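Step one of this worksheet: look at the structure below.
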Amino acid sequence: MMTARSLLLAAALLAAASATAFAQASEDAIAVPVLRANVTVESDVVRIGDVIDNAGTAALIAIYRAPDLGTTGSLPTAQVIAALQAHKVIGVDTRDIKTVSVTRLARTLESKEIESQVAHALEHRKGLGDAANLSLTFDRDVQDVRLEAWNTGALQPASVWFEPRTGRFDVSFEIANETNSARTKLRFTGVAVETVAAAVLARGVERNEVLKASDVITERRPKAEVGSDVAARDRAVGMQMRRQLRAGQALRVADLAKPDLVQRDDNVTLVYEATGLYLTMRGKALESGTEGDTVSVLNLQSKRNVFGVVIGRGQVAISIATPRLPAATGTSSTIGATETAAPVSVAATSNAQTAPKTE
């Protein structure tokens with residue numbers, strides 16, 4: 001009796017295990033392929049496993065050519081289903097998707113980034129300055145470069161050649177990748193010129209003309225063209241031209257001078273100043289001069305020519321000649337020393353002229 005019951009229990013357990021295994025196998029067998037609305041690929045082909053889930057053993061079969069690097073294309077769902085059926089993939093759940101969008105991943109090197117990398121590769125080579133001051137002209141227009149997405153390495157200069165006489169350059173880069181395959185190589189050739197920020201005339205100017213802010217702009221010019229004494233805009237505005245120049249010409253330091261504060265034939269103020277004394281009178285400039293220059297001036301009161309130093313606009317300082325008294329002896333030495341001060345001497349001279357004569 002016990003043996004019969006054992007046999008029946010064993011049979012029940014075996015049947016249950018068989019049913020469970022069959023159910024799992026059935027679930028695996030009936031996993032429905034599901035269509036994807038958006039697909040991204042890194043290779044140049046689109047495979048079945050890219051467009052549907054649960055592709056099974058057919059996942060690696062290529063069915064379409066991928067879009068160009070960094071671009072997106074679309075496929076009608078009916079066309080995709082037909083391609084899948086051709087490879088015995090049926091019963092796909094389309095989820096009412098009308099089109100499948102396929103994007104090919106890529107790494108994009110923008111043209112500005114490429115130009116910057118070339119400039120940094122040439123920086124300080126054979127007399128060149130900082131990369132920021134280099135103007136590059138490429139033999140071919142530099143466009144954005146799209147690489148396979150697995151090219152993740154930095155742009156590393158592999159070879160750099162520069163000829164100072166002609167400005168020609170030849171720069172090659174290498175880019176490492178995740179697959180450890182041969183590195184991607186890029187090569188660029190052209191001409192490099194070092195430039196400087198220069199003050200450039202916005203209009204033609206005459207000699208002795210004082211520059212206004214609207215007369216000067218800043219442009220980058222070749223260093224070899226403008227030389228090392230190129231003037232900066234902030235130092236050019238307010239300065240006086242030493243010579244006539246045309247619009248568009250770059251200014252050099254030698255072209256500029258401090259503006260004349262006194263113009264020839266202009267009325268000026270003559271200033272006599274000493275300790276305790278300050279006198280002014282009218283004069284006429286006989287020559288032009290800037291601050292610190294010594295110029296000849298006509299004293300309109302005395303009608304005599306005097307020399308003075310330009311101290312401001314329309315102002316000329318005239319020094320006072322201090323009279324020299326004969327050296328005193330004995331007890332008069334102290335009095336003589338006191339009278340050598342300029343203000344006292346001037347006053348003494350003035351009093352001597354106006355005091356009544358002693359009979």
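The values are calculated or read from the model by the stated rules, or taken from the named source; none is laboratory data. Everything quoted here is computed from the prediction, not taken from an experiment. Glycine gets a Cβ as well: all are built from the backbone with ideal geometry, and neighbour counts include every protein chain shown. Surface accessibility is based on the protein's heavy atoms, side chains included, excluding ligands, DNA and RNA. Shrake-Rupley method; radii C 1.70, N 1.55, O 1.52, S 1.80 Å.
Put simply, the C-alpha atoms of segment 215-267 give a gyration tensor, and the ellipsoid matching it has half-axes of 25, 10, 10 Å, longest first.
I'd like the accessible area for ILE97: 1.4 Å probe, protein heavy atoms, all chains in place, Å² to the nearest 10. My reading of the accessible area for ILE97 is about 30 Å².
Across segment 169-278, Cα pairs under 8 Å and at least six residues apart give a relative contact order of 23 percent. In terms of accessible area, using a 1.4 Å probe and ignoring ligands and nucleic acids, HIS124, HIS87 rank largest first as HIS124, HIS87.
Taking MET281, MET241 and ordering them by how much accessible surface each has at a 1.4 Å probe, largest first, produces MET281, MET241. Given R0 = 51 Å, the distance between the Cβ atoms of ARG187 and ASP96 translates into a calculated FRET efficiency of 0.55.
Each Lys or Arg adds one and each Asp or Glu takes one away; over the other residues whose Cβ falls under 10 Å from the Cβ of PHE173, this sums to +2. On the beta carbon distance between ASP229 and ALA132, with R0 = 22 Å, the FRET formula returns roughly 0.55. Normalised by the number of residues in segment 114-176, the average gap of Cα pairs under 8 Å and 6 or more apart makes the relative contact order 30 percent. Once the C-beta distance of SER172 and LYS112 is scaled by a Förster radius of 22 Å, the resulting FRET efficiency is 0.70 to the nearest 0.05.
At the residue level, LEU300 shows approximately 40 square angstrom of accessible surface with a 1.4 angstrom probe and all protein chains present. For LYS112, LYS258, the ranking by accessible surface with the largest value first comes to LYS112, LYS258, using a 1.4 Å probe. In order along segment 246-260, the Karplus-derived 3J(HN,Hα) couplings, from 6.51 cos²θ - 1.76 cosθ + 1.60 at θ = phi - 60°, round to 8, 4, x, 7, 7, 8, 9, 4, 5, 7, 10, 8, 4, x, 5 Hz, and Gly and Pro are given as x. In the complete set of protein chains, residue-level accessible area for ASP96 is approximately 130 Å², probe 1.4 angstrom.
Stretching the chain fully between LEU105 and GLU219 yields a gain of 37.0 nm (0.36 nm per residue, less the alpha carbon separation). For SER288, the residues whose amide H sits under 5 Å from its own are ARG264, ignoring neighbours fewer than 5 places away on the same chain, with H placed 1.01 Å from N.
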